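In what follows, a single structure is set out as structure tokens and then discussed.
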Amino acid sequence: MYNILITDDEQIVIDSLMFIINKNFPSQVTLFSALSGADALDITTKQQIDIIFMDINMPGMNGLETVKCI
């Protein structure tokens, strides 16, 4: 079982990736989502995340800054 975090400032991107991952890896993953870098940091402090899909261009804390903090 893998914990996957999807972070993007556009909900449609999150929904699309979640659909694709759930369709191809049913019952093999637990998905988490965040709409900002700050939300992603909050999730990573509470959950053990194995894989992160991170948008680079987001308002506020961008993806590269967020990954550096993680």
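A quick yes/no check of all residues on (1) out of contact with any Gly (no Cβ under 9 Å at 6 or more places or on another chain); (2) open to solvent by less than 30 Å² (accessible area, probe 1.4 Å); (3) assigned to a helix (DSSP H, G or I):
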position	(1), (2), (3)
V13	yes, no, yes
S16	yes, no, yes
I20	yes, no, yes
K23	yes, no, yes
S27	yes, no, no
L31	yes, no, no
A40	no, yes, yes
T45	yes, no, yes
Q48	yes, no, no
- [ ] Enumerate the pairs (first residue in segment 39-50 and farther than 12 Å from C69 by Cβ; second residue anywhere and of a type outside the set (A, V, I, L, M, F, W, C)) with beta-carbon separation below 8 Å, excluding pairs fewer than 6 apart on the same chain, so at least 6 apart or on different chains.
- [x] D39/T7; Q47/N3; Q48/N3; I49/N3; D50/Y2; D50/N3
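The values are calculated or read from the model by the stated rules, or taken from the named source; none is laboratory data. Keep in mind that what you see is a predicted model, and the values were worked out from it rather than measured. Positions of Cβ are backbone-derived with ideal geometry, glycine not excepted, and every protein chain shown enters the neighbour counts. Accessible surface is based on the protein model in full, side chains and every heavy atom, while ligands, DNA and RNA are left aside. Shrake-Rupley method; radii C 1.70, N 1.55, O 1.52, S 1.80 Å.
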